[in-house]
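Encoded as structure tokens, the structure appears first; notes follow it.
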Amino acid sequence: MAKRGKFGILISGTGSNMKALVQAAEQKQIPADVSFVGSDNPRAPGLEWARERGFDTFVVDYEHIMSFGRASRSERRDVAESDLRYELWHREYDLLCLAGFMRLLSPKSVDELSPDPDQPRIMNIHPSLLPAFPGTDGYGDTWRYGCKVGGCTVHFVDHGEDTGPIIDQLAYHFAPADTPDSIRAKGLELEHWLYPRCVERFFRGRLSVRLNSAGRRVVLVKP
């Protein structure tokens, strides 16, 4: 029997995508096990859920670190990321899944946690059809812009904000009666379906990263 892989999850809030990933792993859809759940928020509801399930958990309290002392904001962010890297270095994982983790990893952290850009091992789910509407409020930005179609994107993480190679996307159409809450619900339903399947492809060796003719890294999905 082939050895099952391991993946870690980082969250900031309720962890709905974390729960979708856990369920997929428990149902053997993903041929890997959850190694740990970490958060930047000690009050994240998803963190308590993970503890109750018996997962190894940790917290790096960014808010506390960023409000402490006289150091500059960039210096305090460096401290928080150093603490995060320390926690991750002491845990075993093949893939790090950002599942509603509301912190932008610095280039230093990306390079240390995922040193080979041709074999990335940090994955993220984003609530828009990238490259449109990167940042923290993809669904809200899509709504405010007046789009007729929205969606979600799974991508590998690079040095930019939601600029890494796209693995897959799913879209939904706006209906006349839609509201910001209803399109968020539509998007989350797609996220919970898409993210586990992208993680599954990673562990089944179906994803490869190559340079295209424009010199940009793109993801190829093997049959």
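The values are calculated or read from the model by the stated rules, or taken from the named source; none is laboratory data. Quick caveat: nothing in here was measured; it's all calculated off a predicted structure. Here the Cβ positions follow ideal geometry from the backbone for every residue, glycine too, while neighbour counts run over all protein chains shown.
From the list LYS148, LYS108, which residue is closer than 20 Å to TYR172 by Cα and surrounded by fewer than 21 Cβ atoms within 10 Å (Cβ to Cβ)?
LYS148
May I ask you to list the residues in the stretch 57-71 that are surrounded by fewer than 13 Cβ atoms within 10 Å (Cβ to Cβ) and aromatic (Phe, Trp, Tyr)?
Scanning the stretch 57-71 gives a single hit, PHE68.
Based on what the data block shows, is TYR172 under 16 Å from HIS155 (Cβ atoms) and among the hydroxyl-bearing types (Ser, Thr, Tyr)?
No: the conditions fail for TYR172.
Could you go through the stretch 204-220 and let me know if any residue there is at pLDDT 95 or above, surrounded by 17 or more Cβ atoms within 10 Å (Cβ to Cβ), under 16 Å from the mean Cα position of the chain (by Cα) and within 21 Å of GLY138 (Cβ to Cβ).
No, the conditions are met nowhere in the stretch 204-220.
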